[in-house]
Amino acid sequence: MSLYVDEYPEEAKVIKATFLVSFVALGIGAFFGLIQGLHRTGFVRVLPSTDYYTILTGHGVLLALVFTIFYLLGLFTWAVTRSLESPLPNIKLTWAWFGLTTTGATFAAIAIVAGLFPSLDMSADVLYTFYAPLQAHPLFYVGLAMFIIGTWMAGADWFLAFRKWRSEHPDERIPLQTFMVLTTMVMWYLSTLGVAISVVFFFIPWSLGFIDTINPLLTRTLFWYFGHPVVYFWLMPAYLLWYTVLPKLSGGRLFSDPLARVVFVLFLLLSTPVGIHHQYLDPGIAEGFKFIAMTNTMFLLLPSLLTAFTVVASMEHGARQRGGKGYLKWLGVLPWRDPAFTGMALAGLMFAAGGFSGMINAGMNINYLIHNTLWVPGHFHLTVGTAVALTMMAGAYWLVPQLTGRRLYSRPIGLFQVVTWFVGMVFMSNAMHRAGLLGIPRRTAEPQYQSFDFTATIGSVAELRAQLAIGAVLLFLSVVLFLFNILLSSIEDPIEMPVDDRIPAPLSGASGSPVVLDNLKLWTAIAAILVILAYVIPLASIIRDAGLFGRTVAVPVLIDGFNMLMGVIA
C-alpha cells in the first residue's frame, strides 16, 4: 500500500502549496481576531479605534475567504484524484490556478494591511462584506476578481479530470468524493456570477473613477446572491470530510452513499435562491420576496438534518464495530484520543448549535430582534468558525501525513488544540449570542452607544466581555498550537506508512440510488431556474427605482472614527 504522495507526487506538491497559503492566512487572521477581541472588550488596546476596521476587514477576508477556500482547493484536488484514481490531466493548469488565486489573495491582503499605514494612501477598510458606499482601493477589487477567476479555473481542472475518467468509465457511477466536488463547483459557478458582476462591472470602474456613482442596494443584493451560498462553499469541504473520512476514523463505514448524494444535490438547488434573507431590513425589496427567501431558507434545514442522521449513524456503526453497546454507551468507545476524529466530532456538535441560531436569523420577524447585533457573528463563529475551521484543522492531522510521508508530530498536542478551540468557541459564541439579545451591535470598535446602558437579565455586560476576551485568547492559542504541530510534522523523518489512508466502501453503495442523481446537467438547469425565479424581478425593481449605477457617491475610508462608525452602520 502506498501513500497519496507516492501515487500523485505533482498533485501533492500543489495541495501542500494550497495548505501553506491557507495556514498562513489562518495564523494572520487569528492574530487579527485576538486584537479585535481584546480591543472591543476594552482589556488591551494596541491600536486606535479607526484602525480597528482594518483589522476587522483583514480578519474576515483572510479567514472567511483565504483560509477556507485555499484549504478547499487542496482538499478537492486530493478528493478528485484519489476517488478517480487518476492524476489531473494538465498539471500546468493546476499550477496556473494556484498562482492566480495566490496573487489575487495577496493583492487584496496588501490593500487591506496598507490601511494601517496612512502614508501609503491605500486602504480597504470596507469589511468582509465590502458594501458600497464604502470604497476600497482598486487593488482590493482586482485581487478579488483574480481570486474568483482562479477558483473557476480550479473547477475546470476538476471537471476535465472527470471528463477524462468518464470517457474511460462510461457506465459507472460518479465516485462519491468526485460527485461532492462537482456539485459544489456547479453551485460555486452559479453563485459567484453575482459577486463577479458586482466587482468587475461596478466596483473596479467605480474605484478607478470611471463612474462617479453606484447603486448600493443593487451591489448589496448581488453580494448576498453570492454571500449565502459561499457559506456552503465553505461547509462542503467539511461535509466531504464528515461523510467520507469521519466514518473511517470512527472504525466503520459511511452509512449511506445515496443519502450523501441527495444532500449535495439539495445544497446545489437550495443554497443560492435564499440570499435576500440577509436583507430583511433593506428598503427597496418587496416584503413578498423576503418571505419567499425565508421559506426557501427553511428548506435548507432538510439536508442539514439528513447529514446529522447519516454521519451519526456512521459513527455509531464504527463504535459498534469496536464493541460499543447500548443506546448511548457506544459513544464511549469512539477514538476520542485521535485529534482528527475528536476535532471533527466536536465541530459537528457545534454546527448543530449553529443551526438553531441560524433558524433565528432566517425568520423575518424574529430577525428584527438580532439584526446587526453580536448575535450574527456569534452564529457565524459557530458555523464557519467551528464547523468549518475546526473540521479543516482536524482533517489536516489526517491529510498532511499523506502529503508528506511524515507522521504527525504530536497527537496529544493535536488533541489539546482541538479541545481548546472548542472551549474557546463556547465562551465566545455564548457571549456573542447573549450580547446580541441585549442589542449590543456588531462591526463597531466602540460597542457602547452614547447615553445608553445595556442591561443583562442574567449576568452582566462585563461578564460577557470577559467571556469574549477569554474566548479570543483561547482560540488564538489553539491556532498557535495547530501551526506549531503542523510545522514540526513537516520536518519529521519520513516513514513508510505514517497514517492509514484507506477509505472503506459505504454500507449502502451508489448502486442503491437512482441514476438520475448523477445527472449534473439536470440539477444545474433546475438550480439556474430557481435562481432566475428568485432574483430577476427583485433586481429589475431595484434597477428601475434607482438606475443601474444609482446616485450614491463614494465614502472614503480614511476618515475619523465617528464618520467611519456612521458609514459602517449605514
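The number of residues in region 191-215 being under 17 Å from Y535 (Cβ atoms) and of a type in the set (G, A, S) comes to 4. Residues that are assigned to a helix (DSSP H, G or I) and open to solvent by 40 Å² or more (accessible area, probe 1.4 Å) were ranked within region 325-357; the one that is nearest to T391 (Cα to Cα) is L349. Within region 404-456, the residues that satisfy the criterion of being without any contact (Cβ under 8 Å) to a residue 12 or more places away in the chain and in a loop (DSSP other than H, G, I, E, B) are Q448, Y449, Q450, S451, F452, D453. Checked against (1) open to solvent by 20 Å² or more (accessible area, probe 1.4 Å); (2) farther than 24 Å from M428 by Cβ; (3) out of contact with any Ser or Thr (no Cβ under 8 Å at 6 or more places or on another chain), P303 meets all criteria but (1). Among the candidates L182, L218, the residue that is under 23 Å from T297 (Cα atoms), over 17 Å from the mean Cα position of the chain (by Cα) and either surrounded by fewer than 21 Cβ atoms within 10 Å (Cβ to Cβ) or at pLDDT 95 or above (or both) is uniquely L182. Considering (1) open to solvent by less than 30 Å² (accessible area, probe 1.4 Å); (2) among the hydroxyl-bearing types (S, T, Y); (3) in contact (Cβ under 8 Å) with a residue 40 or more places away in the chain, the lone condition that S198 does not fulfil carries the number (3). Output the residue which, of all residues in region 187-215 that are touching a strand residue (DSSP E or B) at 6+ places or on another chain (Cβ under 9 Å) and of a type outside the set (A, V, I, L, M), is modelled with the lowest pLDDT. By that ranking, first place goes to T213.
For region 280-296, how many residues are outside any loop (DSSP other than H, G, I, E, B) and open to solvent by 20 Å² or more (accessible area, probe 1.4 Å)? Number satisfying all stated conditions: 8.
Taken together, the criteria place V516 among residues that are in a helix (DSSP H, G or I), farther than 30 Å from S429 by Cβ, open to solvent by 40 Å² or more (accessible area, probe 1.4 Å) and out of contact with any helix residue (DSSP H, G or I) (no Cβ under 6 Å at 6 or more places or on another chain). R322 falls short on exactly one of the conditions (1) surrounded by fewer than 19 Cβ atoms within 10 Å (Cβ to Cβ); (2) within 18 Å of L481 (Cα to Cα); (3) in contact with a helix residue (DSSP H, G or I) (Cβ under 6 Å, 6 or more places away or on another chain), and that condition is (2). Please tell me if S83 is free of Cβ contacts under 8 Å to residues at least 60 places away in the same chain and among the hydroxyl-bearing types (S, T, Y). Judged against the criteria, S83 is not a match. For region 85-95, the criterion of being in contact with a helix residue (DSSP H, G or I) (Cβ under 8 Å, 6 or more places away or on another chain), within 20 Å of L182 (Cα to Cα), surrounded by 24 or more Cβ atoms within 10 Å (Cβ to Cβ) and modelled with pLDDT of 95 or more is met by at least one residue.
The values are calculated or read from the model by the stated rules, or taken from the named source; none is laboratory data. All values derive from a computational prediction rather than experimental measurement. Cβ coordinates were reconstructed from backbone atoms using ideal geometry, including for glycine residues, and neighbour counts include every protein chain displayed. Calculation scope for accessible area: heavy atoms of the full protein, side chains included, ligands and nucleic acids excluded. Shrake-Rupley method; radii C 1.70, N 1.55, O 1.52, S 1.80 Å.
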